[in-house]
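Participant: Sharing a structure here in structure tokens format.
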There are 2 protein chains.
Amino acid sequence: MEEWAIFRNTSEGREALQFYLRKVDRRGALSEEAREAFLSLDVKLQDYEMYRQIVSEGELTNHCALIVSGCASRFKTLANGERQINSFHFRGDMVDLQSALMLKSDHSIRTHSPCRVARIECRAVLQLAQQFPEWARVLWFDTLVDAAIFREWTLNVGRRSAVSRVAHLLLEIAHRLQDIGESDGYEFQMPVTQTDLADAAGLSAVHTNRSLQTLRQRGLVRSFGRTMIVLDMPAMCAEAGFDRNYLYPAGPRGLPAAV
Amino acid sequence: MEEWAIFRNTSEGREALQFYLRKVDRRGALSEEAREAFLSLDVKLQDYEMYRQIVSEGELTNHCALIVSGCASRFKTLANGERQINSFHFRGDMVDLQSALMLKSDHSIRTHSPCRVARIECRAVLQLAQQFPEWARVLWFDTLVDAAIFREWTLNVGRRSAVSRVAHLLLEIAHRLQDIGESDGYEFQMPVTQTDLADAAGLSAVHTNRSLQTLRQRGLVRSFGRTMIVLDMPAMCAEAGFDRNYLYPAGPRGLPAAV
DNA sequence: CGGGTGCTTGATCTCTATCAACTGGTGTGG
DNA sequence: CCACACCAGTTGATAGAGATCAAGCACCCG
């Protein structure tokens, strides 16, 4: 069993919630009242080792999970054990927001590093949405952003070549890490192994490795150990067909007169 | 230009909205007041011919689109014109719900048959969510169901064999058509061409055709013209790795005491 | 009747998977 | 401190899945 502790309105709990608040606040400012209501939610902080499942497919859920540190992924598996990763998640991501409304999870969530997770009761999230239409809008919008990412990933695995897929994933990771201040957009520490990258790209691990080599040989990236550096950003974006808009859609739309 | 007409609270407009109301009402009953508020929304009915774009990628949106009749798909395209379909939509689907909050569309929507579409102003949808927390929950949940379908599709194109992919798509279509009373779950009229099916499966049209032939030869399906019949449902589900739960997730969770 | 579209088939080629082995780093226990 | 196991990354050889190219057929519709 993992270690965990409950923080009721403590500074550590608030700090965890701040990561999410900061992210959604960038999309459109929340009222002071709404911010405070969110920050006073009760959270349960929980630490996971590397490669532990936070949520398992088919599981009944009571809590939403917010990543405080580390990297996690959402994935589904085939009967034969093959795995498809649907998204990567980092600090500030509400990785299991859907549990607020869905009784059962249709997919699993697993850590790719030691992770600290803040769990919030579904009921508390629902009450927040009930009390504050602006929170309802923010949470719904967050789900829409997730959906946009899933669509882009389907395009990635369905229609792009192996090299393009890998390039696309690298660029998404670069942006996501830049968002949380862990990259300048060019250089970053790979948060996952090549095997995991393969499960995200819908490729075999061997071919993912060779696709990475192609990117290196063509001078688009450089890497040593876990360090990855994008050397030629325009060429990478061209190769990947990458357009960052899907990560940062404009919105949420506000009500013109009312709010 | 397409023909269209505005219906303010008329019987024809209400009838169009009923299709969506019926669908979401099955997931959890709405209050009479909430139902009525929805049904009195202003809608603009619009008729499209086959293969017309309802929404184009990058477009600024003002309206949500609800399918009243026909079949449409959401898709994204690569620079070289290759297309990946993300989902199919039928009567009663709010195909462009995301426009309520997102200012721009990240993907396109296209008809696969003559379609009647009901357009609702974004502002009206947002007001509904603002006024009725139960509507906010219903719309958010609908988005979550969409997201679950996208995840399943990513798994489909990323990790399944060609035959399995095609089988999976056929089964999803069978279920969706059964939902709206246009199939008994076994026999249905194919709503899209094999070329479109290929774009949904992440395959070439030729290989999609051969995959269908494999399903026929193995006695899993029979088809003539547009008619498709699932002959061996257990074998089809096994081949596709199909589990209908992703289409019908349990929820939305209600508030225990409050509502 | 002609042209378009969707479905089908055959031949060939390319891309990606699979299998197997080897390297180097890391951690562990004797 | 060394032997060992383990894992991520890498390489080579081979097999197989699916793409591509090209052509023909059937059907519908003007």
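The values are calculated or read from the model by the stated rules, or taken from the named source; none is laboratory data. On a predicted model such as this, the values are computed, not experimentally measured, just so you know. Ideal geometry is used to build each Cβ from the backbone, glycine not excepted, and the neighbour counts take in all protein chains shown. Accessible surface areas use protein heavy atoms only, side chains included; no ligands, DNA or RNA. Shrake-Rupley method; radii C 1.70, N 1.55, O 1.52, S 1.80 Å.
Participant: Can you work out which of the residues in segment A:211-250 that are in contact (Cβ under 8 Å) with a residue 12 or more places away in the chain and either on the phi > 0 side of the Ramachandran plot or open to solvent by 70 Å² or more (accessible area, probe 1.4 Å) (or both) is farthest from DNA strand D (Cβ to nearest atom)?
Facilitator: Only one residue fits best here, namely A:Arg244.
Participant: If you check A:Ala129 against the conditions, is it facing chain B (nearest Cβ under 7 Å), part of a helix (DSSP H, G or I) and at pLDDT 95 or above?
Facilitator: Considered against the rule, which asks whether it is facing chain B (nearest Cβ under 7 Å), part of a helix (DSSP H, G or I) and at pLDDT 95 or above, A:Ala129 comes out as yes.
Participant: Let me ask something else about it. Residues that are in contact with a Pro (Cβ under 8 Å, 6 or more places away or on another chain), within 12 Å of DNA strand C (Cβ to nearest atom) and under 30 Å from B:Ser108 (Cα atoms), at least 2 per element: which helices (runs of 4 or more DSSP H) completely within segment B:176-250 meet that?
Facilitator: Correct list: empty, since no element meets the threshold.
Participant: Could you say whether any residue in segment A:93-103 is facing chain B (nearest Cβ under 8 Å) and assigned to a strand (DSSP E or B)?
Facilitator: Within segment A:93-103, none of the residues are facing chain B (nearest Cβ under 8 Å) and assigned to a strand (DSSP E or B).
Participant: Now, a different point. What's the number of the condition B:Thr154 fails, among (1) within 10 Å of another protein chain (Cβ to nearest Cβ); (2) of a type in the set (Ser, Thr, Tyr); (3) outside any helix (DSSP H, G or I)?
Facilitator: Only one criterion in (1) within 10 Å of another protein chain (Cβ to nearest Cβ); (2) of a type in the set (Ser, Thr, Tyr); (3) outside any helix (DSSP H, G or I) is unmet by B:Thr154, namely (3).
Here is a yes/no grid of residues against (1) away from chain B (no Cβ under 14 Å); (2) within 17 Å of the chain's Cα centre (by Cα); (3) not basic (Lys, Arg):
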residue: A:Leu169; (1), (2), (3): no, yes, yes
residue: A:Thr193; (1), (2), (3): yes, yes, yes
residue: A:Asp196; (1), (2), (3): no, yes, yes
residue: A:Gly219; (1), (2), (3): yes, no, yes
residue: A:Met236; (1), (2), (3): yes, no, yes
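Participant: Can you report the number of residues in segment B:147-203 which are surrounded by fewer than 19 Cβ atoms within 10 Å (Cβ to Cβ), without any contact (Cβ under 8 Å) to a residue 40 or more places away in the chain and under 28 Å from A:Asp196 (Cβ atoms)?
Facilitator: Summing the residues that are surrounded by fewer than 19 Cβ atoms within 10 Å (Cβ to Cβ), without any contact (Cβ under 8 Å) to a residue 40 or more places away in the chain and under 28 Å from A:Asp196 (Cβ atoms) in segment B:147-203 gives 1.
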